[in-house]
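Here is the structure we will look at, set down as structure tokens.
Bear in mind that the values in this text are calculations on the coordinates, not laboratory data. Just so you know, these numbers come straight off a predicted model, no measurement behind them. Neighbour counts run over all protein chains shown; Cβ positions are idealised from the backbone, glycine included.
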Amino acid sequence: MKTMELLMQISMAVIAIAFLVLLYSIIQTLKILRGALAEMQQTLSSLRTEVTQISVEVKEAVHHTNAMTLDVRTKLSSLDVLFASVNDLGHVLHSFTGAAKESAASVVATIKGGKKKPAGEPGVLSTIYDGVISTIRIWNKVKKI
């Protein structure tokens, strides 16, 4: 019986030592986890600050982009007048060229045929009149720019 008691005490001592070793390893693991959680908390705090700063910068960039877009649209709309004037000038030049062709063709026909065509043909006069009016309109538009 004494050996049984001694064996029992030794077993209890081994179990107690094993329990203490297990408890020590659990405590060490919990310390490591606490350190990792503290580091994670610090990282999250830092990320929140950085995200806030980035969102402010993104808002400013979007605001500047909107302002630049509005400025570009305004400048492009002011160029519309210039392009319309250039278009009108192109039509006038086309009309003058057509009138010059007609006049040259009639002069050639007159020289070949020996006939004289009356000066101031209505098509030529109306073309010249349209050209003068368009030129005045273009000049007024260009002065406004």
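In terms of Cα to Cα distance under 23 Å, which lysines are near enough to residue 112, apart from those fewer than 8 places away along the same chain?
Once the sequence-local lysines are set aside, what remains near residue 112 is 101.
Under the 0.36 nm per residue contour assumption, what length would be gained going from the current alpha-carbon distance of residue 22 and residue 86 to full extension?
Once the chain is fully extended between residue 22 and residue 86, it gains 13.9 nm.
Among 134, 38, 106, whose Cα projects farthest towards the positive end of the dipole of the chain, with charges put on the beta-carbon of Lys, Arg (+1) and Asp, Glu (-1)?
Value computed over the given set: 106.
To the nearest 20 debye, what charge dipole does the chain have about its Cα centre, counting +1 at the Cβ of each Lys and Arg and -1 at the Cβ of each Asp and Glu?
Dipole of the chain, to the nearest 20 debye: 860 debye.
Considering the Cα trace of the chain, what is its radius of gyration and what is Dmax, both in angstroms?
Cα only, the chain: 48.5, 158 Å (Rg, Dmax).
Determine which residues of segment 23-38 fall in the zone a paramagnetic label at residue 47 would reach in this model, i.e. backbone nitrogen under 14 Å from the point 7 Å along Cα→Cβ.
Flagged as within label range: 37-38.
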